[in-house]
């Protein structure tokens with residue numbers, strides 16, 4: 001946004017420029033963290049649960065920030081530096097992001113889903129980057145704050161924006177779609193997540209389908225094939241492309257031999273080489289191919305994929321142990337998929353045992369216990385030899401698992417127990433909801449294996 005001066009920033013954000021500095025250049029970046037508000041930064045002071053970021057406006061200016069955007073009560077008096085004020089700085093941030101999105105004139109792809117949205121976003125970036133200047137959401141910047149920050153981080157000349165869109169309740173995907181104005185909306189999956197807030201699986205589908213409702217006429221919706229929960233939300237004035245394993249899917253796997261995959265896109269054969277064989281990642285690949293084709297990009301060749309941390313990376317550790325680090329989050333759908341991959345990986349290689357370290361799945365509502373018991377049954381069906389459950393909810397998994405099981409209270413106990421139980425040659429899956437903090441277990445196993453090797 002360097003080419004936008006203070007007056008244009010003010011108009012775009014719907015803010016008041018209370019202290020113009022007589023400069024013509026705009027900010028290099030936008031931040032909501034006053035500790036990051038150095039030279040070139042526009043600091044936006046947002047209201048939080050415990051404090052208002054506007055309190056740090058003077059500190060940001062003292063640190064050399066380009067300017068600040070805060071509520072009127074935190075306007076810095078008697079300064080020749082740039083001060084913008086708005087009744088609601090968050091709404092001003094969002095308006096500024098929408099204006100910059102329009103200035104870029106990039107193709108915008110919004111990605112949501114109960115599971116798989118992050119890996120689909122990562123795959124999309126890998127497919128598009130060789131052909132178009134592409135910016136994709138980083139880390140977990142996928143909320144009403146994160147999405148505008150990601151849009152504003154896109155430099156001039158960006159041709160494609162791939163934006164992950166998360167939700168915790170009704171209306172949140174609609175808000176993100178209003179900010180981003182996507183040309184393509186991808187719904188990767190519908191499953192039992194956030195039931196505590198949304199009540200039913202139909203409610204979840206309706207919340208995700210807000211992305212379809214937020215598309216302009218003539219835009220493209222990429223949807224899982226044979227997903228009846230989304231049928232009531234389809235639109236006749238939007239192009240719908242389906243993906244999946246069924247014969248009626250518009251985009252499907254035609255053939256696969258190791259890392260070589262042929263994708264059938266409405267009869268067109270697209271040949272790719274992908275560094276993964278997991279079934280759920282190949283399904284996400286189909287969604288990504290459909291989205292890429294919707295903006296005129298035909299992927300080809302080797303896909304250089306870097307998955308976001310904690311999304312199923314397989315790490316070969318000293319001593320022949322293999323760690324599947326899937327600890328970023330969990331729900332019943334993704335737990336089953338991860339256990340399926342554990343089984344498939346074990347079948348492809350010679351591993352001594354299949355070990356699953358599984359944590360609580362949160363926000364599942366009244367049936368939360370049943371979902372955990374079902375995961376235990378699935379672990380048994382997939383040949384898990386050792387099950388370590390982490391947390392009070394996950395303990396119910398042991399009721400569905402007739403094998404060697406160890407319930408523990410938290411990640412710290414799980415890490416200590418894993419170091420005792422896991423042996424060279426084991427294949428170990430670590431997965432649970434974000435709040436369980438199972439990255440502690442992954443770190444312990446990685447460090448422990450390296451220490452033994454030394």
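Residue 168 satisfies every condition listed in (1) in contact with a helix residue (DSSP H, G or I) (Cβ under 9 Å, 6 or more places away or on another chain); (2) surrounded by 16 or more Cβ atoms within 10 Å (Cβ to Cβ) except (2).
Within the range 341-354, is there a residue that is in contact with a helix residue (DSSP H, G or I) (Cβ under 6 Å, 6 or more places away or on another chain), under 27 Å from residue 196 (Cβ atoms) and surrounded by 19 or more Cβ atoms within 10 Å (Cβ to Cβ)? No, because not a single residue in the range 341-354 is in contact with a helix residue (DSSP H, G or I) (Cβ under 6 Å, 6 or more places away or on another chain), under 27 Å from residue 196 (Cβ atoms) and surrounded by 19 or more Cβ atoms within 10 Å (Cβ to Cβ). Reported count of residues in the range 131-153, each being in a loop (DSSP other than H, G, I, E, B) and touching a residue at least 40 places away in the same chain (Cβ under 8 Å), is 5. The set of residues in the range 92-123 being out of contact with any helix residue (DSSP H, G or I) (no Cβ under 7 Å at 6 or more places or on another chain), within 25 Å of residue 157 (Cα to Cα) and not in a loop (DSSP other than H, G, I, E, B) consists of 102, 103, 104, 107, 118, 121, 122. For residue 317, are the conditions met, namely being surrounded by 20 or more Cβ atoms within 10 Å (Cβ to Cβ) and either over 30 Å from residue 141 (Cα atoms) or at pLDDT below 90 (or both)? For residue 317, the condition - surrounded by 20 or more Cβ atoms within 10 Å (Cβ to Cβ) and either over 30 Å from residue 141 (Cα atoms) or at pLDDT below 90 (or both) - is met. Residue pairs whose Cβ atoms lie under 6 Å apart, sitting 6 or more positions apart in sequence or on different chains, and linking a residue in the range 280-302 that is more than 19 Å from residue 184 (Cβ to Cβ) to a partner that is at pLDDT 95 or above, are 302/273. Scanning the range 295-334 for residues that are on the phi > 0 side of the Ramachandran plot and not in a strand (DSSP E or B) yields 296, 310, 312, 319, 320.
The C-beta contact set for the range 3-15 (first residue in the same structural domain as residue 82 (by TED's automatic domain parsing), second residue part of a helix (DSSP H, G or I), distance under 6 angstrom, 6+ apart or interchain) comprises 12/96; 12/99; 13/92; 13/95; 13/96; 14/92; 14/95; 15/92. When residue 216 is tested against (1) more than 20 Å from residue 165 (Cβ to Cβ); (2) surrounded by fewer than 14 Cβ atoms within 10 Å (Cβ to Cβ); (3) at pLDDT 95 or above, only condition (1) is not met. For residue 264, the conditions (1) closer than 24 Å to residue 337 by Cβ; (2) loosely packed, with under 13 Cβ neighbours inside 10 Å all hold with the exception of (2). Report, by residue number, each residue of the range 335-351 that is part of a loop (DSSP other than H, G, I, E, B) and in contact with a strand residue (DSSP E or B) (Cβ under 8 Å, 6 or more places away or on another chain). Residues satisfying the conditions are 349, 351.
The values are calculated or read from the model by the stated rules, or taken from the named source; none is laboratory data. Predicted model, so just to flag it, every value in this text is computed and none were measured. Quick reminder, even Gly has a Cβ in these numbers, built from the backbone with ideal geometry, and neighbours come from all protein chains shown.
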